[in-house]
Each structure stands twice: as structure tokens, then as C-alpha cells.
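*Asks:* What follows is a structure written as C-alpha cells; I'll ask about it next.
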Amino acid sequence: MLRQKQFVKKTRSGNVVKVVKEHYLRDDIWCSVETCKACDHSTTVLSSTPSINKLFPRPHYIVPDTNIFMNQIDVMEKSQITNVIVLQTVLEEVKHLSLPIHKRVRDMINNKEKHFHVFSNEHHRETFIEKLKDESPNDRNDRAIRVAAKWYANHIRNLKPEVSIVLMTDDAANRAKAIADGLQAVSVKWYIEALDNNELLDMISDTKELDDGKQMIYEEHLSPAHLSNGIKSGRFFQGKLGISSHNYLEGSVYTKIDGQDGTILIVGRENLNRAVDGDIIAVELLPKSEWRTTPTGVVIDEEEEKKEEESLKAEQKAAATQEDAVMTTATQDTPQPCGKVVGIIRRNWRQYCGFIDRKTVSTAAGSSAPINVLFFAMEHKIPKIKFRTRQAHSLLGQRVIVAIDSWPKTSKYPIGHFIRSLGEAGDKSTETEVLLLEHDVPFHEFSKQVLSFLPVEGENWVVQPEHFNGREDFRQLNVCSIDPPGCTDIDDALHVVPLPNGNFQVGVHIADVTHFVKPGNVMDQEAANRGTTVYLVDKRIDMLPGLLGTNLCSLRSNVERLAFSCIWELNDSAEIVNVRFTKSVIASKASLTYEEAQNRIDDERMQDDVTKGIRTLNMLAKKLKQKRLDMGALTLASPEVRFNLERDTQDPVDVEMKELKETNALVEEFMLLANISVARKIYEKFPDSAMLRCHPTPPSVNFEKLEKAVARMGITIDHSTSKTLSDSLDNAVIPDEPYFNKLLRIMTTRCMMQALYFCSGTITEQEFKHYGLATDIYTHFTSPIRRYSDVMVHRQLHAAIDSDVAYGTELTDKEAMNELCGVLNHRNRMAQQAARSSVELFTHLFFKNKVEEEEGYVIRILKNAFIVLVPKYGIEGIVYASAMVAKTDAAPTSSTTGAETAVVAAAPAKVSQAVLVYNPETDSLQSTEPLSEGQVPKVQIQLFQKVMVQISIDDDLKGGGEGGMRQKLKMSLLKPFIEGISVHGVCNKDDPEAKAFSSSANSDSSLANGTALKKRGGQEEATKRAGKRSKA
Amino acid sequence: MSRVELLTPEGLRIDGRRPAELRKITSTTSVLSQADGSAYLEHGNTKVLAAVYGPREARRRAQVLHDRAILNVEFNVAPFSTGERRRRTKNDKRLLEMASFVKQTFEPVVITSLYARSQIDIYLQIIQHDGGTLQACINAATMALIDAGIAMTEYVCACTAGWVESEAAIDLNHIEESSDTSEVTIAMLPKSGKITLMQMESRLHVDKLEEVFTLAGEGCKQIHEVIDKTIRERAEDLAKKMQ
């Protein structure tokens, strides 16, 4: 083994430091070709008969360069590409450039069927090269790749059957050099074209071909050095861009301005300068004169959308004079700082689900000529993406996945490539897959490797005598579990025993998941990555394999199960006398639903031990709850609904509000108690690395709008502490409006910050506080089957109670724990959103072929629209405040489409005209007639106002009609009747009130304005904001 | 996951070694004519100079032991030994600790009773630092003591091993050391297999200790071979000169 040294100079941030590293060159790095006898390898990766391509007569191995992986990763992942030699040089460069892509490459390498071999050429004696004088690092790496390819070509020259090496690079100069060296070189495009596969061809990212703009549309981004200098000097601000969910041309960055936390608004296409939601960007402030005050969000103007369509059709004349959808309003409010993007520090591009804009498919049906099409992402915040496809017609009406490759300054839209099709739009399984993908939920089946860590006994696993080692035997206790109906993953059970001294022994028993899931193994890693079980309306995406979740860990009745128990002694007024934790074996006596438990409590005739226990628990729980409320715990509300599904088709047949019973509260109280007790214990043992959960105090700005609105009704909200907030909520009752209090609670929920997991060593003890529960410390311990955080807490608690437990750094490493918290917070948020989207999807299915008229409440006022919540279905929708008026110089085609809007009328093109205008003083929308001092406008839309709306599904739009496939539900105003906005109801025309409303209106129902249904958009934004804040 | 990948899935460490491979060791003795014995040792890029003075009369009367010699170890790191120039005071606790480790290592091995009422000084100087200073110091001190002709029961060879990613790795360099790796240094009498020093400052799972420990022991034996060869060559050289 030959060893040599090499010296590398490296600069670190700030001062220049010379770093000397050793670099050993070896001669025991093997080629891994199956038939090679010269090498001493034991296992081989590259098959002896690699694939053949028309371009190359001989079977060959592919040696791609870095850019192939960076730009064409989707193609490389296809099963057609096998037998690839990944050079160490390439792998390191990829890792340096993009960690996600590096991970995907690594996954391919681990996939045996792909035959990807990593060749450590940098440590191979014959393929290592020194950097030449005046050679750039890139040139050096290109040369290293050629040298390695050449070495391989020589090495396998005489093998039988014959094989060869093909260097794959898109760099023409590199190809020329390679060919001069006697190598075979090819670009991806040629290679794939020779495979004759349309789908693969579509997946090639070819920026140059799509970027036909000659004109510079955007300002150039500054160089990274420039940016980092600017950020250091305070001229630029760095932050994560969050695009408004109502207008994709408006974004904001949460950052520190002059040492203070603040938000910079970025409005308009030019100012956004090619930044996409989630990117880390550098922003420069605009001069103060250009700052503006804006309402919370502006729905994008249909007009501007249309212009975009047109400009795309006549692509050569890129409309540079594009106006922005935003109207400035002159108000006395202090203007918000506005800025423009000067550079992008890190992209946050991912793959997007969406659909093709029908109008951009210009070729005749059946044609497979490549055309450029526009793509709408399901996520409203993402701009349209331009890509090239040969299968446009078959993709119409389907959900497809597209990735962004680049966004050159000459192109109005980002340029991407097709990845795959998911299936027919509107189809339940397709849409479910879309929402899982969109929310980044890992939903693939558990791999064989993961399943190999399940107990070998499988279903027949039983508690063995050796399991009693270190466990208490609680099998005799009257333990029972109370869960929602149909629950199969039971992770908690309770018991109570009266003690001789008049106190009670209360036990909470949690499924002992960590007995089965050992730290660090594949199953554990998989669970950590999934983070949580995701509950959709019609299915569940498990965090742990079903055998554990629904059987071995699940605390089912009348079987012995391992548990982790938390045992208190509570006195008569439910104060904790003492608490202890222990691993145990239990045998639950009954698994009840909330309803069954409630019936047992109520039914006087039931006098068995379990029932008596439940009654005692109920008594204690009420006391606990009262104490908690006295401390200032909040009772909030959310408009949650449950669907009754048809058994076979799983189609929704009915919707009902989720009902809460006393027994729900019973279980909840003891779970909270357990969580708090456990949090204290693990914080004591792991002061630096305990996994805890906090709920930050919401900042005053969150309440501003709401306070203003309720002030009009003579109600004040004091949110200084959770106690005062909870009191003011209790007092906010309007006698003739019973729903008002609930509504207020729903809206208060949206002012809250997101609760977060954190690692105790990373923030100060004051910040541990859980605002909503009004406790100083909190964690999650009670649902290890469905949450990974609880698994970690179980491990920490076990280490805390038993000093003999061996544990590794996974419980003590602050950094790793913090990282894990970040992952779990993300997964949690995504799981919540996915669940909501699933409900939304089923709402859509429910309203299919239905028109409903319902009462709703205005919960948010936007610039030119307002959002209505319909409590009965728990849905929210936008009602636009601008009417469609027939345009005099009608455009040739009817084309009003868009991200947010859907116009039903197929008649001549319409122009939007504001019927109601936003009044920032009262935060309301009012009619436009001129007002004299003190006069009340004719029509006014205010927060909390009760309105009638019509909900229906728009069948025209389903399946890609006019491109607007994103939304399918519309909500139209019935009363108050406003000309141009409202529609006439079908059933309650005789309603005298409705008549009164519409007395002044001459109706024209064809002027109906479509509405987009966006469920809980506001909350999502709050979520996002909270997330951003935690990053900052 | 911004941490450096210390061990690739292909089984190569950052500098191209495999987990169980030592760095290149070069060594010479009698490099300083002033000292009674001296040695210069390189473990890859870690370079140490050791000088031994004595046995000689003890500096301070009060310290003199009537039945054996005192061992005095001084340890120093050159300001230019790392990328960033840093000067350390003589009383740096870290340096004193290192010196005391070396002292403890050699006290049971040097046959001090042969040199009653005297003092043996070992001066150690790190010239370049790239991880594994303690092992390098002990190995260099062994050579310098032998060069000075001081009676010892056996060689003392030291080697570090640590838990890198998911495997035990030997002879960690600076990058590996500084990315939170648990590291064990042991000093061993290679022939008898006795351990005179075992030092570990970070947490290591008890299940992994044995593997790391065994690997370090292997390393000690390999190091013994290398330095023994140098010593023998020097001795032969000297013998030739005397003829």
C-alpha cells in the first residue's frame, strides 16, 4: 500500500488559515466489474453485461459528471439507467452543491438493482491528479473525471464479454477533450434520444431550449460574495421568503431590521426577482417613498392573470409592462417596509404536483411533437412552471409532478421538467396521493429491512417471564382504555385505586413502544423520519409497522401488554402527593369508546369495578380541569367535522361536527398530567437535551385585527396572559348570537403561535412555557405509537428512572436532539395540513352535484374579497368583492382563469370592477357610493357579519377545463344582496329578509363571481409565520 | 447533517485510510546533541520532539527522594503548530495535565530505584499538531528514554482509537478528533500486554468500548514494531561505529 501526502490550502470564514491534510493514495481500490479478475474484490456491483444503447455498439458503463447528477437527477433515477460508475470527485461535488441531491444519489447507490458503483478515484494511486498551475478547481475536477474514465477504459479493455466506458457530460468542451483522449463521450440528450422513450425524454431538463426570451425580464442576481458582504454591512437582509397564500406575487421576509424583528414586504414580479416560496433570499429595502400599507392579503386580479396567458401565447413579445396586482392605498397607517430581492442564498425547490394549463396545449390532439406548456402547481404560492413535453395531450386532466430546473433572467416563468403522472384529476386515490406528496408525507410501504426488526414471533408474541425483569406486575389492576370509536392503536390506559388514607392511586399506562423499537436501527430511523402517524379521512399513514402499532404495542383489552406507567398518589382535591414512573406489564380489562364510557358513568345500574373506577377518574378529572382553568388554560375551538363514509366506496355520505363528551376531557386531563410530570422528570435528568414542547406567547400584532373588530361590539380581549385571555373569552357572549363565542374562539386559535418541540438546552427556562395549557413545562409522552417525540421521551424517562440503562449519545447530544426537533416540528405541521387537505378533498366529494345554502360568518377581510366560514361544514371560502362586467372591446377568446379565480360564465370576456372597496379605518368592505360625513355606507361587509352563501361544486372546471383545475368548490353570496357579487338563491326566494336585501337590486345571475374555496388559509399562514419565527 | 462525513460508505476515512490503518510513522533518535537522549517522531502530520536529561542531580533539594529518581515532564506546544497561531502560557492547565499523563505513564516503567537521589527530565515539544498528541508524546518519550540509556522494564507504546460514524477507527487525525468523536488513548507495554495509561474524555457507549479498546491495543503493537525497528537500526549503527 503506497501512501503519499498532499497539501491542501483552505480558507475558513474570516481569517485565512492554512489547513494541511494528509491524503493517502491506495492501490486496493477495486473496479467492481463482475468479470474482472485482476482486482481483488469480493463483491461486485457492476454487472458483466451492462445495457446497450443505439449510439454505442458495445455494452458500456456510464461515467457521469457532476452536472449530470445536479441537473438530470430525475432521469438518472429511472430504472432504465443502470451500471453507472459514480466517481468520488463527482459525489463530493454533488454533496457540496446540494445535500438533497446527494442523498438521492446515495439512495441510488444503495439500490442493488441500479448497479451504481462508487469509485474512490481521489484515493486511487493511478487516478489521483494534482491541480495544475492556473487550473480552476472545476477544470481540475473535469480532468480528474476524464482520467478516471480513461483508467477504467484501459482497465476493462480486455474483459470478456466486451465492455466499454461512456463518459456522460453536457459540457461540449469536456466532451471534445474526452474524445481527443480516446474516450467515448455523450450528452444526456443524445443518450436518451437513442433509447426512444418519450417519458424519459420529457424528464430531461433542458434549460437552454426553453429559455427563448431575448429580453431581460429580471434584474441579475448579485454574486454570493457580494451578498455576504452586503448582509454583513447591513445593506441587505437575509431571510426565508414566505409567499402570501392569496397572491403569489406578494411575499414577505421575516428578519431583523436594525436589530429589531420585522417583516419586509416584497410585492410584484420584478421585486420578487425569481424567488420562490421558501427560498432563503437577500433583500434590499426600497426607499421609504415606495413603502406601502397593505391589507392582509390581496387576491390576485383576474385581469393580470389573463394578460399573462396572452403574453404566453405571443411569447416573443414578453410583456415587460406587466402591472402588479396590487393597488396602493393611501392611509394614515405607517407604511410597511418594502424591499426587493437582490440575490438568492439557497433555493428551496422541490417537486411540485399540479396540472397542465389546457390553453397552452396548442397542437392537434394526438400529436406527440414536443411543445412548451405551462404548469400550475397545486400550491398557490408557486409560480407557473414552463416545461417541454411530448405527451401533452395524454397529460391533460391528469395530476403530474414537475420539478424546477432553473429560472433564467430572460424567462418570465421558471423552467422545469416533467417527472411523472399521478393519474386522473378528481379521482380520490390520485388526489390523496397528491396531498401526501404536497405535504411531504413519507407514505411508502415499510421496507423489508424495517420489517426485519419486528419480533420474530409476529402475531404470536406474548409476554414472557423474562419480560418481568425490571417491570412491575400490574396485571391485577382494573386498567381500562377510552378511545374514539374504531381506534386500533390504543396507546394509553388508566386505572384508579382508592388508598386506605383516603387518597387515590391513579395510573396512566402508556404502550411501551421503546421495548420494540431500539435506538438507531432501521425501524427507528424510519419512524424518526416519518415523525408522526398521519390521519386522513379515509386512511392512516402509520409511523410504525402495523404489527406493532395495532397489535403488539396497542393496549387492547384482555391481553397482557408491556407498558410504561406513571403512578400518582392524588388526594381528594386532585393534588399530587407523589409520583413515580415504572415499566410494567398490564392486562387491560376493557377498551371503551368515549360513548361507552359515558354511558357507564351515567348508567346507575352499572356498579362493577371498572365503572366505579371511571366515575372516580371522572371526578378527579373535573377537579384537575378546574384547577387548570383557574391557572389560565385556554379553551379554544376549531370547526372540525367528521365524515360518515359509505362502507364500500368510501365516499362521504354525511358530515357532522365533531362532538366532545365528558369522557374526552377525562382522558385528556390525565394525559396532560402525565405529560407534565414526565417533562419535569426528564428535564431533571437531561437538563441540556430533554425533548420538551413549548407554546410561545402570541405577539400582540396577531391580535390587532381581532381586537379592532370585537371592539365595535363592545368586547375587549386582553391577551397579556393566557389567564386574562381565557377570562375575556368567557365574557365575550352576545345573547342573540349563540355561535359568536365559538366563532371568537376559532379566530383566537388562529392568533396563536404553533406549539413546538424543542431541546431543553437550546432556549432559556422562561421560554419553556406552554401558553395554551398554562403550564411552565410540557412534553409529549402519551402517544408513542403515533408520535416519534414520545418515543424519545420514553427513552429519556427510562434512562432517568433506571440508572442501569445503557444509552448512547442519541439522548444527550444537544445538536442532534435539536435537529430531530426541527424534523418533528416539520412533520407535525405537514401531518396537520395533510389531514386538513384530506378533509377538504372529502368536502369536495361531498358537494359533488349538490348546491347548498348555508349561513356563514365573515372571518377575514381582504383587499378585494372576504373569507366566509360556514360552521355547519367547517369550510371556508373566498367571496370576491369585484364584479364581472362585460367588457366593451371584447377579447377574441374567453379566457379567464387563474390561480384563485374561476369564472362560470362562458359569455364574453369580463373585466373585474370593484363593487366594494376596502376601508382600512374600519377594516371592512363598503359600497362605492360617495359618502358624506357621518353617513353609513349602503352595504358594508364587516368581520363577524352573518351572511348567507351558496356552496356548490363547479363541474365545468373539473378535469382541467379552462385550466383552473385547482379549485372545485365555489361559494357565492346570497345575502346581503350586492349587485354584481351576489347570486339568487334557489330555495329561499320567498324569504322576506332576502327580499329586503335585494330590493334595490336588479339581478343578473350570470354575473356570478366564482369563489375559490380555501380552507383555513389564514391558519395555514399563521402556521407558516410561526415556523418562520422559530427559524429566526 | 452539515457535519463532515468522516467515513464514507465505501469504507474510506477522510484522508483515504481505512478504519484500522495507522498513519505513516517516521522516527529517529539522537537528534539533539545537548540532551542525553532525544527522539523525533511523526504520526502523519503530528510531529513531536522529545529530549531527556538525566539522570542528574535534582534541582531542588526538598524534592529529592532517597530511594529513587524523580521524573519530571514538561510539555509544550509550539505556537506555530496549528493553522492559527496561538501562544499558550506555561501554566496552561491543559499542558500541565498532559505532562502529568506522561509522567504517570512512565513512573511504573522506568526503573527509578536504580537512580536514587536523582532527577530525570523529559521535555516534549509539539512542533506540528494534527491529532493524537498524547500518543505521539508517549511514543517519542519512550524512544528518547531508550536513547538516553535509562533503564525501563519495557517499551511503552501509546495509540488512540475512537468511534467514527459507526465503526471503531484507529489513530484519529485532527479533523476526526474535533468533530465530537469519542476517543480513547491507551499506553501499553506491548510484550506483557499491560496497560499503564488509559484516558478518555468523552462519552462512549459501554458496548463499543471493547471494540475500540482492542483496536487501540492492536495499534500499540504495530507502533511498537515500527519504533523498535528504528531503535535497533540506531543501535546497530552505533555498534558499527564503535568497532
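*Asks:* Please verify whether residue B:81 is of a type in the set (Gly, Ala, Ser), under 19 Å from the mean Cα position of the chain (by Cα) and within 14 Å of chain A (Cβ to nearest Cβ), treating the condition exactly as stated.
*Replies:* yes
*Asks:* Answer yes or no: is there a residue in region B:188-196 that is of a type in the set (A, V, I, L, M, F, W, C) and assigned to a helix (DSSP H, G or I).
*Replies:* no
*Asks:* State all residues of region A:747-788 that are in contact with a His (Cβ under 8 Å, 6 or more places away or on another chain) and either of a type in the set (Phe, Trp, Tyr) or at pLDDT 95 or above (or both); if no residue qualifies, say none.
*Replies:* If the condition is that a residue be in contact with a His (Cβ under 8 Å, 6 or more places away or on another chain) and either of a type in the set (Phe, Trp, Tyr) or at pLDDT 95 or above (or both), then A:757, A:771, A:778, A:781 are the ones that fit.
*Asks:* I've got another one for you. Does residue A:804 meet the test of being within 14 Å of another protein chain (Cβ to nearest Cβ), out of contact with any helix residue (DSSP H, G or I) (no Cβ under 9 Å at 6 or more places or on another chain) and either in contact (Cβ under 8 Å) with a residue 40 or more places away in the chain or of a type outside the set (Ser, Thr, Tyr) (or both)?
*Replies:* Yes.
*Asks:* Okay, moving on. Name the residues in region A:86-117 that are surrounded by fewer than 21 Cβ atoms within 10 Å (Cβ to Cβ), within 12 Å of another protein chain (Cβ to nearest Cβ) and β-branched (Val, Ile, Thr), would you?
*Replies:* Hit for region A:86-117 is A:109, nothing else.
*Asks:* Hey, can you tell me all the residues within region B:191-243 that are over 15 Å from the mean Cα position of the chain (by Cα), over 19 Å from residue B:21 (Cα atoms), buried (at least 17 other Cβ atoms within 10 Å of the Cβ) and of a type outside the set (A, V, I, L, M)?
*Replies:* B:230, B:234
*Asks:* Right, here's the next one. All but one of (1) surrounded by fewer than 21 Cβ atoms within 10 Å (Cβ to Cβ); (2) polar (S, T, N, Q); (3) farther than 25 Å from residue A:129 by Cβ; (4) more than 14 Å from every other protein chain (Cβ to nearest Cβ) hold for residue A:72; state the number of the condition that does not hold.
*Replies:* (1)
*Asks:* Now for a different question. Conditions first: (1) farther than 26 Å from residue A:872 by Cα; (2) not assigned by TED's automatic domain parsing to the domain that holds residue A:788. Residue A:764 passes all but one, so which condition is the exception?
*Replies:* Result: residue A:764 fails condition (2) only.
*Asks:* If you check B:22, B:96, B:65, which single one turns out to be away from chain A (no Cβ under 13 Å), under 19 Å from the mean Cα position of the chain (by Cα) and on the phi < 0 side of the Ramachandran plot?
*Replies:* So the residue among B:22, B:96, B:65 that is away from chain A (no Cβ under 13 Å), under 19 Å from the mean Cα position of the chain (by Cα) and on the phi < 0 side of the Ramachandran plot is B:96.
*Asks:* Scan region A:256-285 residue by residue and report those that are crowded, with 22+ Cβ neighbours inside 10 Å and assigned to a strand (DSSP E or B).
*Replies:* The answer is A:264, A:265, A:266, A:267, A:281, A:282, A:283.
*Asks:* When you look at residue A:810, is it within 14 Å of another protein chain (Cβ to nearest Cβ), part of a helix (DSSP H, G or I) and either buried (at least 21 other Cβ atoms within 10 Å of the Cβ) or among the charged types (D, E, K, R) (or both), yes or no?
*Replies:* Yes: the conditions hold for residue A:810.
*Asks:* When only residues in region B:110-143 that are within 14 Å of chain A (Cβ to nearest Cβ) and part of a loop (DSSP other than H, G, I, E, B) count, which is nearest to the chain's Cα centre (by Cα)?
*Replies:* B:132
*Asks:* Could you tell me whether residue A:823 is within 14 Å of another protein chain (Cβ to nearest Cβ) and touching a helix residue (DSSP H, G or I) at 6+ places or on another chain (Cβ under 6 Å)?
*Replies:* Judged against the criteria, residue A:823 is not a match.
*Asks:* Within region B:153-187, track down each residue that is assigned to a loop (DSSP other than H, G, I, E, B), within 14 Å of chain A (Cβ to nearest Cβ) and not acidic (Asp, Glu).
*Replies:* Scanning region B:153-187 gives B:166, B:172, B:173, B:179, B:181.
*Asks:* Would you mind stating whether residue A:181 is assigned by TED's automatic domain parsing to the domain that holds residue A:368, in contact (Cβ under 8 Å) with a residue 12 or more places away in the chain and not hydroxyl-bearing (Ser, Thr, Tyr)?
*Replies:* So residue A:181 does not fit the description; no.
*Asks:* Turning to a different aspect of this structure: Please work out if residue B:10 is modelled with pLDDT under 90 and away from every other protein chain (no Cβ under 14 Å).
*Replies:* No, not satisfied.
*Asks:* Let me ask another. Which of the residues that make up region B:25-38 are free of Cβ contacts under 8 Å to residues at least 40 places away in the same chain and either within 14 Å of chain A (Cβ to nearest Cβ) or closer than 23 Å to residue A:27 by Cα (or both)?
*Replies:* Selection gives B:26 alone.
*Asks:* So in region A:245-255, with the set limited to residues that are assigned to a loop (DSSP other than H, G, I, E, B), surrounded by fewer than 24 Cβ atoms within 10 Å (Cβ to Cβ) and not aliphatic (A, V, I, L, M), which one is modelled with the highest pLDDT?
*Replies:* Checked region A:245-255; the qualifying residue modelled with the highest pLDDT is A:248.
*Asks:* So if I check each of B:146, B:150, which one is more than 14 Å from chain A (Cβ to nearest Cβ), among the β-branched types (Val, Ile, Thr), touching a residue at least 40 places away in the same chain (Cβ under 8 Å) and part of a loop (DSSP other than H, G, I, E, B)?
*Replies:* B:150
*Asks:* Checking residue B:41 against (1) farther than 13 Å from residue B:127 by Cα; (2) in contact (Cβ under 8 Å) with a residue 60 or more places away in the chain; (3) away from chain A (no Cβ under 14 Å): exactly one of these is not met. Which one?
*Replies:* (1)
The values are calculated or read from the model by the stated rules, or taken from the named source; none is laboratory data. These numbers were taken from a predicted model, which means no experiment stands behind them. Quick reminder, even Gly has a Cβ in these numbers, built from the backbone with ideal geometry, and neighbours come from all protein chains shown.
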